[in-house]
């Protein structure tokens, strides 16, 4: 197991190096001089030259790249142009809120999506199946920000069930609506995938055997079919983490949640490049890490897959 | 294409029978036609495309025309009526007209960015699958790197660094979306590469490019078309998110995402129509592409053939 984890971690290194390289290329194609951006139009040439030197912008590109790589690996991501806070501090203060939101959303997606998919599959071509799949296709097609807006109007204004946007003092009630909205798309995808995966599995011989030997239908579905049907679902959870991280950007905007998504939009509006760079790098690292966890969880669902 | 084969009758005296052969595409179309949800999706897409093309003929207003100057203050935030089907916005612009013209922007970006992504992805994926070895390792590594970025954030960062322009936006989205096509193409080429007809083409001295483009690509088109149909939907959603956040198509162009964002404040105070109708339009178009893409996948997948 430990060997496997170490090998997977080493396997992730080239991807991380690639991510850093892409971010470096992205930041060096920026039109205009970052040093000038920092001091503004009024800065005199000496100050700009000094800042360029401090930022290492006067060094050759290769040297800049090596420096950037070193800094990225050691999480030395520089300082925000706006408030002189280090990018890592800015990220860390916003991180807990976003992580909470992402985890709640994924939990909602799984507890709604998986049962819906199972029901659809075992009641194929009934109204349950049709309504579940209509819900799923709507969930995949609706823009997150629009669904969020409708939800705010309905649940906060018309029905008054939820106090409003923002996170108050961090009470869980404030996370309910954003998590539901953010979990809509992954939930819909999981429902569709669970359905098709279940449909494939319940036609297999070993399911017929399980029924033939007189097992209760519930046991056949939950113990024999579901565990096998969940393997592709686990993969999708890993992939969807990425779209969840993208969804965070708009969801946090709609619900005024002070997380990493909102930080990135603020940074984009202010053209605060070190923060933008930091957020992109950080999100990509998070994605690589999420996929590593998904990989490690496969043997739990399918004992044929071993850590070797 | 429909190939007709005349079978000569072996039994003398019997009339000749015609046996009709069907191409893969004809077969797929016949299967697709039976799939109601796919046909519904296709109808949605066609209706919206036609609306976009014939926009000036299906509405009498101009998307930029501020009707408060002509019709007076009653045209400001007017609710849906027989005159203004989807109501008007705070400047007195007809929302139905803006939604119809907005389809042009979404479809343009959807098709153009997907086109760019398909070209880059298929070329890279085919090279990786065909040559294997170091080329494959390098391209697969690049694909994994691109996949590691959260899509929206990556495009946002790219768009933030570039001056605002529609073609630059197609390109940015296209350049980031090729990875899924590369993966599909690579997998397919690896399967097809070992087939006898590719071996035959190599044996008669066909060059690598000729083999890839003339012999391999036509045979791996089906999954790429399916992927492209589904991708158009995601790209339209992505563009609407960009516009909503204010980093996409610039005002006063009638981009759907931007309209939702403009109408947001008014929605919260009861004037729902400004934000609701563009949202329905996005959902309908994306749903159309998704349903059609799902149907295409089922129709083109020979394993499901019964």
Original post:
Taking region B:241-260 as the search range and keeping residues that are away from chain A (no Cβ under 11 Å) and over 24 Å from residue B:157 (Cβ atoms), which one is nearest to the chain's Cα centre (by Cα)?
Top reply: B:254
Original post:
Right, residue A:99: in a helix (DSSP H, G or I), surrounded by fewer than 23 Cβ atoms within 10 Å (Cβ to Cβ) and within 12 Å of another protein chain (Cβ to nearest Cβ) or not?
Top reply: no
Subject >> Whichever residue in region A:143-178 is facing another protein chain (nearest Cβ under 9 Å) and within 30 Å of residue A:195 (Cα to Cα) and, among such residues, is nearest to the chain's Cα centre (by Cα) >> reply: A:144
**OP:** Filter region B:163-207 down to the residues that are surrounded by fewer than 15 Cβ atoms within 10 Å (Cβ to Cβ) and within 30 Å of residue A:266 (Cβ to Cβ), then identify the one that is farthest from the other protein chains (Cβ to nearest Cβ).
**Re:** B:167
Subject >> Which listed residue is in the same structural domain as residue A:194 (by TED's automatic domain parsing), more than 14 Å from residue B:153 (Cβ to Cβ) and crowded, with 16+ Cβ neighbours inside 10 Å, from A:249, A:220 >> reply: A:220
Subject >> Criterion: surrounded by fewer than 23 Cβ atoms within 10 Å (Cβ to Cβ) and either more than 18 Å from residue A:98 (Cα to Cα) or in contact with a strand residue (DSSP E or B) (Cβ under 9 Å, 6 or more places away or on another chain) (or both) - qualifying residue of A:286, A:292 >> reply: A:292
Original post:
Is region B:261-282 home to any residue that is within 27 Å of residue B:119 (Cβ to Cβ) and either more than 8 Å from every other protein chain (Cβ to nearest Cβ) or over 14 Å from the mean Cα position of the chain (by Cα) (or both)?
Top reply: no
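Per-residue answers, yes or no, for (1) over 24 Å from residue B:163 (Cα atoms); (2) free of Cβ contacts under 8 Å to residues at least 40 places away in the same chain; (3) outside any helix (DSSP H, G or I):
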| position | (1), (2), (3) |
| --- | --- |
| B:182 | yes, no, no |
| B:222 | yes, no, no |
| B:231 | yes, no, no |
| B:235 | no, no, no |
| B:240 | no, no, no |
| B:244 | no, yes, no |
**OP:** Give A:190, A:237 a once-over and let me know the one that is in the same structural domain as residue A:124 (by TED's automatic domain parsing), touching a helix residue (DSSP H, G or I) at 6+ places or on another chain (Cβ under 8 Å), part of a helix (DSSP H, G or I) and more than 20 Å from residue B:283 (Cα to Cα).
**Re:** A:237
**OP:** Could you please let me know if residue A:249 is under 26 Å from residue A:176 (Cα atoms) and either within 9 Å of another protein chain (Cβ to nearest Cβ) or part of a helix (DSSP H, G or I) (or both)?
**Re:** yes
**OP:** State whether one or more residues within region A:89-110 are touching a residue at least 24 places away in the same chain (Cβ under 8 Å), closer than 19 Å to residue B:290 by Cβ and either under 24 Å from the mean Cα position of the chain (by Cα) or in the same structural domain as residue A:175 (by TED's automatic domain parsing) (or both).
**Re:** yes
Original post:
Considering only residues of region A:129-142 that are closer than 22 Å to residue A:102 by Cα and either touching a residue at least 24 places away in the same chain (Cβ under 8 Å) or over 20 Å from the mean Cα position of the chain (by Cα) (or both), which is farthest from the other protein chains (Cβ to nearest Cβ)?
Top reply: A:135
Subject >> Test: residue in region B:223-240 that is closer than 23 Å to residue B:91 by Cα and either within 22 Å of the chain's Cα centre (by Cα) or within 8 Å of chain A (Cβ to nearest Cβ) (or both) >> reply: yes
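The values are calculated or read from the model by the stated rules, or taken from the named source; none is laboratory data. In this text, all values refer to a predicted model and were calculated from it rather than measured experimentally. Here Cβ is always computed from backbone atoms with ideal geometry, including for glycine, and neighbour counts include all displayed protein chains.
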